[in-house]
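Engineer: This is the structure I want to talk about, given as structure tokens.
The values are calculated or read from the model by the stated rules, or taken from the named source; none is laboratory data. Please read all numbers here as calculations on a predicted model, not as lab measurements. Cβ coordinates were reconstructed from backbone atoms using ideal geometry, including for glycine residues, and neighbour counts include every protein chain displayed. Heads up: the accessible areas ignore ligands, DNA and RNA and are worked out on the full protein's heavy atoms, side chains in. Shrake-Rupley method; radii C 1.70, N 1.55, O 1.52, S 1.80 Å.
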Amino acid sequence: MNLSKICLSAIALLSWSAANGTSAFALPPSDIVQYQSPQQEVLTINLHSGLGTNISFNAVNETVETMFLDNQSYVSLTTDGCLSKSETQPCAPGSAPTLVHLSLIDDIELPGVVRVNKRAGRKSLLTVVTNDARRQKKTYVFTLKLFGKNDPQRHVALIQIVPTAPKPLAKPTPSTIVKVATVVPPKSKTKRQSPTISAPYTPVATATNTPFIPVNLRVTNSQSIDYLKTGFRLAIMRGDYKFNNPQYERINKFILALNGGTVKLESAPAYGLNLNLVANLVSLGTPLQ
């Protein structure tokens, strides 16, 4: 190939790149975005040639149970674990995936949907059904489309599904603040006696098997239970507890019992929990005044 042909090829490549809104020599910058659970709106994912996109459910301790991809003619869909195809082909315990990987592939013709997929173009809908630590199902829906020249010039490499941040409690308004009058006892008219030296104070002996109950665990109501739930969620978000940790299961069972209304916060030791641990979670979930 002579020099003129090389130059013409380079000019053609640059012209094609400019027409399609891409660079022939540089890949678009990649981002990591967070998407709150439970889902409030359908998220659109722009797919780029040669650059995959990952959807991670690790932060919410959820595993993928089922996935539905409507247009499979141009998207490759893989996971980091095992998805059961039928009851006769179950997956090994603990092998359920927590991450989904999407990438573009060459167009293929699938029997029965060739004309349907051609009319749809490079657009598809992805539905992901997950299980959380309580075996409760959640559904996520994503719109997949081929990156276009009018779309933002960035590539989303990782979508992290994260818990919805708890709403801060409203501060009391001035109208709800009750002023308490201070009662000053009248001065005594009796003659003041000179102070006397008394013997050192000796505390009264108490039962050694009575545990000390932290102050924020002495009252159990809906507010204190909400503080515990919020503190537990925040502790999970910062990585203190994993869904397969025994302590994680104990705290979950304790919160379920509290929701039933028959258990108090000070009953934490009956569920294998330290009172100071529960008190710290309540403090973590209590909003700053």
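Engineer: Short version: ³J(HN,Hα) in whole Hz for each residue of segment 258-271, in order, from phi by Karplus 6.51 cos²θ - 1.76 cosθ + 1.60 (θ = phi - 60°), x for Gly and Pro, what are they?
Structural biologist: Coupling constants for segment 258-271: 5, 5, x, x, 10, 10, 10, 4, 6, 8, 4, x, 5, 10 Hz.
Engineer: Where q = 0.17, 0.18, 0.21, 0.26 Å⁻¹, what log10 of I(q)/I(0) comes from the Debye formula for segment 81-163, counting one point per Cα?
Structural biologist: Each listed q corresponds, in turn, to -1.03, -1.10, -1.24, -1.39.
Engineer: In addition: Which residues' amide hydrogens lie under 5 Å from the amide hydrogen of residue 66, considering only partners 5 or more residues apart or on another chain, with H built in the peptide plane?
Structural biologist: 129
Engineer: Quickly rank 252-264, 271-283 as a protection proxy: mean count of other C-beta atoms within 10 Å, highest first.
Structural biologist: By packing density, highest mean first, the sequence is 271-283, 252-264.
Engineer: Taking a 1.4 Å probe, which of 83, 47 shows the most accessible area, and what order do the others take after it?
Structural biologist: Accessible-area ranking of 83, 47, largest first: 83, 47.
Engineer: Also, quick follow-up: Would you mind checking which residues have amide H under 5 Å from residue 162's amide H? H placed 1.01 Å from N; only 5 or more apart, or other chain.
Structural biologist: Close amide H contacts, sequence-distant or interchain: 35, 36, 37.
Engineer: Could you give each residue of segment 213-221 its phi-based ³J(HN,Hα) in whole Hz, using Karplus coefficients 6.51, -1.76, 1.60 with θ = phi - 60°, and x for Gly or Pro?
Structural biologist: So the Karplus estimates, Gly and Pro as x, are 9, x, 4, 7, 10, 7, 10, 10, 8 Hz.
Engineer: Also, I was wondering about something else. Largest first, how would 66, 139 line up by accessible area (1.4 Å probe)?
Structural biologist: From most accessible down to least: 139, 66.
Engineer: Scan segment 26-88 for GluC sites (Glu not before Pro) in coil per DSSP, keeping those whose Cβ has at most 13 other Cβ atoms within 10 Å, and list them by number.
Structural biologist: Filter output for segment 26-88: 41, 87.
Engineer: Could you sort 67, 237 by accessible area so the largest value comes first, with the probe set to 1.4 Å?
Structural biologist: 237, 67
Engineer: Hey, which of these cross-link pairs are over 26 Å Cα-Cα: 85/253; 137/264; 123/149; 118/138; 138/242?
Structural biologist: As for pairs spanning more than 26 Å Cα to Cα, those are 85/253; 137/264; 118/138.
Engineer: For segment 239-252, in order, what is each residue's ³J(HN,Hα) by Karplus, 6.51 cos²θ - 1.76 cosθ + 1.60 with θ = phi - 60°, in whole Hz (x at glycine and Pro)?
Structural biologist: x, 5, 10, 10, 5, 9, 7, x, 5, 4, 5, 5, 5, 4
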